[in-house]
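Beneath this line is the structure, given in structure tokens, with notes to follow.
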Amino acid sequence: MCSGLFACNSENKASLSANSIIYCSEGAPETFNPQLVTSGVTIDATSKQLYNQLITFNAKNNSISPSLAKSWHVTRDNKKITFYLRKNVNFHQTDFFIPTRALNADDVLFSFNRILDKEHLFHEVSGGRYPFFQSVGFSDLIQSVERINDYTIRFTLNRADSSFLANLASDFSVILSQEYAEQLVKQNQMENIDFQPIGTGPFKLKEYRAGSFIRYNPHEQYWGDNTTLKQLVFDITPSNTGRLTKLLAGECDIVAYPIAHETISKNPKLTLNDVTAFNIGYLGFNTAKFPFDNKVVRKAVAHAIDRKAILDTVYFGDAKAEAATTILPPSSWAYDKTIPVIDYSIDKAKQLLGKAGLSDGFTIDLWAMPVQRAYNPDAVTMAKLIQADLKKIGITVNIISLNWQEFLRRLALGEHHAVLLGWSADHPDPDNFFTPLLSCASAETGNNRTFWCDKSFDDIIYRSLLTTDIKERKDLYHQALHIAAEELPLLPIAHSKRFQARSIKIKGPLLNAFGGIDFNGVSKN
Amino acid sequence: MARDNIYQEEEFPSPLMQLWFHFRQSPVVKIGFGCFLFLCFLAIFSSLISPYSPVENHLDSLLLPPAWDDEGNVSYLLGTDNLGRDMLSRLIHGTTLTFGLSFIVVLISLVIGVVIGSLSALTKGVKSSFLNHFLDVILSIPSLLLAIVIVAILGPGLSNTLWAIVMVLIPQFIHITRNAVEEEFNKDYVLASRLDGANSLRILHYSIFPNIIEKLISQATLAQSAAILDIATLGFLGLGAPIPMPEWGAMLANGIDLFYIAPWTVYLPGLAILFSVVATNLVGEGMRHALKARKES
Amino acid sequence: MLIFTLRRLNLFLFTMLLLSILSFSLSFLFPGEQIINISGQINTNPEGIELVALEYGKHESILSQYWNYLNHLFNGDWGISMTSQLPISNEILSHLPATMELTITALFIAMVVGIPIGFIAAINHRKKTDDLILSLAMIGYSIPIFWLGLLTILIFSIQLGWLPSAGQISLLYEIKQVTGIQFIDILLSDSPYKWQAFQDASSHIILPACVVALAPATIFVRLARTSMLNVLETHYIKAAMAKGLTFQQIIYRHAIRNAMVNVIRDVGLQFANLVTLAMVTEVIFSWPGIGRWLIESIYQRDYTAIQGGLLALSSFIFLVHIFTDFIYATLNPLARETHRGSR
């Protein structure tokens, strides 16, 4: 029967691995509830796997399509939105929770009131911070959420907001189980709502070993198309080469953020997928403290950095990324090509530094993210290049890189002078770039890493949300882009593609232009 | 009358000359010694020899393979890394760091270890037993763990790595010195000196040291090869030389991410480390052989 | 034998004491506040810190602080990790067994491969075989282990595809972690794929164990060779030869047993070295052991974890050392006598 150690191994493992996928991910999730984060690592692991939203984006044309809500109605003044929920949607059944009822309006109420109502029982659980919702000003926008009947929910807004539906369709607006929450209150384990998650999504959490792996089992009573997979495992492998090695050795079926694209393309057993992503990689200046509280210094540094070199070195050339002039990618309808480009000029940099009275130079801490993301595959190397560039104008750069959770935590506290970071859009509405990155509200929650708060800028992007007229919004956004280019709270570096490598046995779409990955349609033969 | 020498004088070469004579016997050892000297030369004159600066980025020549490959370029003999830095220059400068530092590290720990070891050999009783047990404890802590702890206390950086490895090597020298000195103390010639009235320090200096120096040198070469590997390992783990410095272990760590597109960035530093450790070990082997041969003859 | 045991016990207790003093003093030597270093509570407000400080007797003398620290250790409270905020004792219990698995396997491989080769070299002294073995041993001893690990992954995992490149076992198998030692856990689990899981775990351990075992194996080659050479020079072997025993009989009946004894003596000393190699190997092969955890901890500057890990790992090494001492003493009655000075 089994002859020899290795032959037997691969034969029988074949049955186990026939319908199981191992996905090598680049980092460990901070929590299992996307409401609490903006980090892509957590979104990839949780949003589309464990949960559903009321509405979602249709992958083909980016329009809004039904999910947990089978239809919705918006009043003419754009201030009241009513959702009609789908019936017979079941929550996960696990060894720590057995649902006794299907999804109804109470669950939707619970999920949103937790964020909006400061007195809510679960508001402060796990920290009380909902960065995405805070940065789009959710609590100010929504006047109330009412339960009309078991399967109808109405949102009443304080003002019209053209990005409201897009925000509700994003990966952050997931629906939790109120019944589970009640059980946790009785058991006095309220944090488990975020660490031992229950949702309606196509997968349920079987096991999580911190920093090591996540094991998902299929949700047998899923309301949509059941997945064909028997098991989904996220193998957390922060090392780039480690992920590629596992892919080449057959220990991983799919790999996030692959390197060495030629090696993958040449291998007949592997394929390389890519998608044009809505993202921006940038160098953010902490405008709250010296030296970058001075606009002239920011401009000086901007002139001193050779962005083309960075593009060639870190992004390996034009095929993989475009040079960014503003935070919006050129494919966005609100893009403005008249924004002046900051040219690479050491002389201008020195001149500006002199004007600011800092010709003797100074020392700064440059924080570089430790994980790879589409918008920045190698922040540490980028930091080294910037270090060498700034040395020429007398600025000494200390490069700081910590583990991802610690990094984000301390960044929010403003410990940095400058940071190499980025942003991947959650939905195609341009507001998704402006508000979370540069608004005053976002500066308070710490998501705006530049802590830049400009009243006229904020005013413009706010006004743009009040109207649904595309032309009007476009003009307003152009004005906002000009202000950002003048004040330069951040230096845009590149927009890039998001890549993924997989074994040819894997079928089905996985990558989206924005948002997290989705394993529901993925199968293995 | 002229004092002609009629008798053939027997020349008794000094112990060191005898050592050198036996050392030279084996051709392999001679090669090893030659390589060792070559490395010392590179370490001292690195700035003069290397064609480029080791930290200069040549952004138009990224990831060039070594010159013998089709896409290589003769001006960058061993290729470049992902920031365009010349591999050959980095390897040469790395000799100063990895190899040169190991030499310094061994020297420092030799001196300190010998001093403490001989002083402790002079003490007896509880103090001696305590020191013995203390040494046992230190020797049972893995050297990397000890280095990690010391780097954690002092912080990362080149000089702190140096001190960490010095502190890891000192116990070995103390151990060897102590045992050797105690062994010699029991011998007759020491007894004779004592009877003459010499105090312990004098005995140590004149009688014992010359006789144990060979054991010390033998241990020193072993320690140097261990030190090269330790420095490279700490550099590989990112706990050693700061980022742009071309220490071989750090270069290797930098090359791992490029392994599939530029494997020479991993192979070359590894070969450099292997080469220097083998050279050091050959010299050590030769010395031990020569010592044994001299003792036997 | 009894006296020997008592002396060893005495040594063990003394070593533990010394290690705990070392670990305790680290909290003062590390940068940052001492009370945070020793307990790991980075997120507590000042009142919370005061409570912890009282627990550790901060305001009393150094001796009573040390006594409090020892109490905490014995009660299983080794502090919490600064990065993960989980109890250090849990982290150690989940990571140490994997390292034990790796190092013991590597030690076994090193002995089984190194000692016979050393004997062969000694028997063929001054011939080509001896030189060849010594040269190979020297190269094996000189290879930097992280480079070796990468090369073996390249050859065996990617080009030949024989062995996996990372981890303890394929993630497809759901094996509950009971002891942390994968093989025991597989036997204890109720998975339907037990046999396959066992094979999978074996194929995962081969590469890292062999990489760790290389340098110690070369040292065993030398030790065995020296030991055997010494044995072959002794009078009783010469007597046996004079008596007319065949070479084979001499080797198998007398020489090996006596040479072996001397090698065992040094096994304990080599173990610390082996663990160092294992720590680096764990990083390369993503082996979930305490070495990789400690190296992660120093990147995160998690001082509490470093303290706890140091204590646990050194204790483990010392236990192995004492165990081999016992085996040596059992085999060699001469060693049981008291003797001062060098070992």
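The values are calculated or read from the model by the stated rules, or taken from the named source; none is laboratory data. These numbers come from a predicted model, not from an experiment. Neighbour counts are summed over all protein chains in view; Cβ atoms, including those assigned to glycine, are modelled from backbone coordinates with ideal geometry.
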TODO: Collect the residues in the stretch B:261-284 that are within 7 Å of another protein chain (Cβ to nearest Cβ) and either buried (at least 22 other Cβ atoms within 10 Å of the Cβ) or farther than 30 Å from A:Asp378 by Cβ (or both), keeping them in residue-number order.
DONE: B:Val266, B:Gly270, B:Ile273, B:Val277, B:Val278, B:Asn281
TODO: Go through the stretch A:355-403 and count every residue that is loosely packed, with under 15 Cβ neighbours inside 10 Å, within 12 Å of another protein chain (Cβ to nearest Cβ) and touching a helix residue (DSSP H, G or I) at 6+ places or on another chain (Cβ under 7 Å).
DONE: 1
- [ ] Collect the residues in the stretch C:36-45 that are of a type in the set (S, T, N, Q) and buried (at least 17 other Cβ atoms within 10 Å of the Cβ), keeping them in residue-number order.
- [x] C:Asn37, C:Ser39, C:Gln41
Open item on the list: Need a quick list: helices (runs of 4 or more DSSP H) entirely within the stretch C:1-89 having at least 3 residues that are within 25 Å of the chain's Cα centre (by Cα), within 14 Å of chain B (Cβ to nearest Cβ) and farther than 30 Å from A:Asn403 by Cβ.
Closed with: C:2-29
- [ ] Out of the residues in the stretch C:141-152 that are surrounded by fewer than 22 Cβ atoms within 10 Å (Cβ to Cβ) and more than 16 Å from B:Ile228 (Cβ to Cβ), state the one that is farthest from the other protein chains (Cβ to nearest Cβ).
- [x] C:Thr152
Open item on the list: I'd like to check which strands (runs of 3 or more DSSP E) are fully inside the stretch A:163-266 and have at least 3 residues that are in contact (Cβ under 8 Å) with a residue 40 or more places away in the chain.
Closed with: A:203-209, A:231-236, A:254-256
Open item on the list: So in the stretch A:194-225, with the set limited to residues that are more than 14 Å from A:Pro99 (Cβ to Cβ) and of a type in the set (A, V, I, L, M), which one is nearest to the other protein chains (Cβ to nearest Cβ)?
Closed with: A:Ala210
- [ ] Starting from the stretch C:46-60, take each residue that is loosely packed, with under 11 Cβ neighbours inside 10 Å and list its partners that are in a helix (DSSP H, G or I) and among the hydrophobic types (A, V, I, L, M, F, W, C), counting only C-beta distances under 9 angstrom and pairs at least six apart or across chains.
- [x] C:His59/C:Ala53
- [ ] Could you figure out which of (1) within 9 Å of chain C (Cβ to nearest Cβ); (2) surrounded by fewer than 21 Cβ atoms within 10 Å (Cβ to Cβ); (3) in contact (Cβ under 8 Å) with a residue 60 or more places away in the chain isn't true of B:Asp136?
- [x] (3)
Open item on the list: Go through (1) more than 17 Å from B:Pro54 (Cα to Cα); (2) more than 8 Å from every other protein chain (Cβ to nearest Cβ); (3) in contact with a Ser or Thr (Cβ under 9 Å, 6 or more places away or on another chain) for B:Ser225 and report which single condition fails.
Closed with: (2)
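Only one residue in A:Asp378, A:Asp365, A:Asp360 is of a type in the set (Asp, Glu) and modelled with pLDDT of 90 or more. Which one?
A:Asp365
Restricting attention to the stretch C:296-342, and to residues there that are of a type in the set (Asp, Glu) and modelled with pLDDT of 80 or more, which single residue is farthest from C:Phe30 (Cα to Cα)? Steps first, please.
Initial filter on the stretch C:296-342 (of a type in the set (Asp, Glu)): C:296, C:302, C:325, C:337.
Those still in the list that are modelled with pLDDT of 80 or more too: C:296, C:302, C:325.
Values: C:Glu296: 17, C:Asp302: 10, C:Asp325: 34 Å.
Looking at the filtered set, the residue picked out is C:Asp325.
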Open item on the list: What's the number of the only condition in (1) of a type in the set (Val, Ile, Thr); (2) within 30 Å of B:Gly270 (Cα to Cα); (3) assigned to a helix (DSSP H, G or I) that C:Ile169 fails to meet?
Closed with: (3)
TODO: Give the stretch B:80-90 a look and list any residue that's surrounded by fewer than 23 Cβ atoms within 10 Å (Cβ to Cβ) and outside any loop (DSSP other than H, G, I, E, B), or say none.
DONE: B:Leu88
TODO: Scan the stretch B:284-297 for residues that are over 14 Å from B:Phe21 (Cα atoms) and in contact with a Gly (Cβ under 8 Å, 6 or more places away or on another chain) and jot them down.
DONE: B:Glu285
Open item on the list: So B:Arg294 ticks every box in (1) within 25 Å of C:Met279 (Cβ to Cβ); (2) in contact (Cβ under 8 Å) with a residue 40 or more places away in the chain but one. Which box is left unticked?
Closed with: (1)
Open item on the list: Against the definition (surrounded by 23 or more Cβ atoms within 10 Å (Cβ to Cβ), over 16 Å from C:Ala106 (Cβ atoms) and more than 14 Å from chain B (Cβ to nearest Cβ)), how does C:Met260 come out, yes or no?
Closed with: no
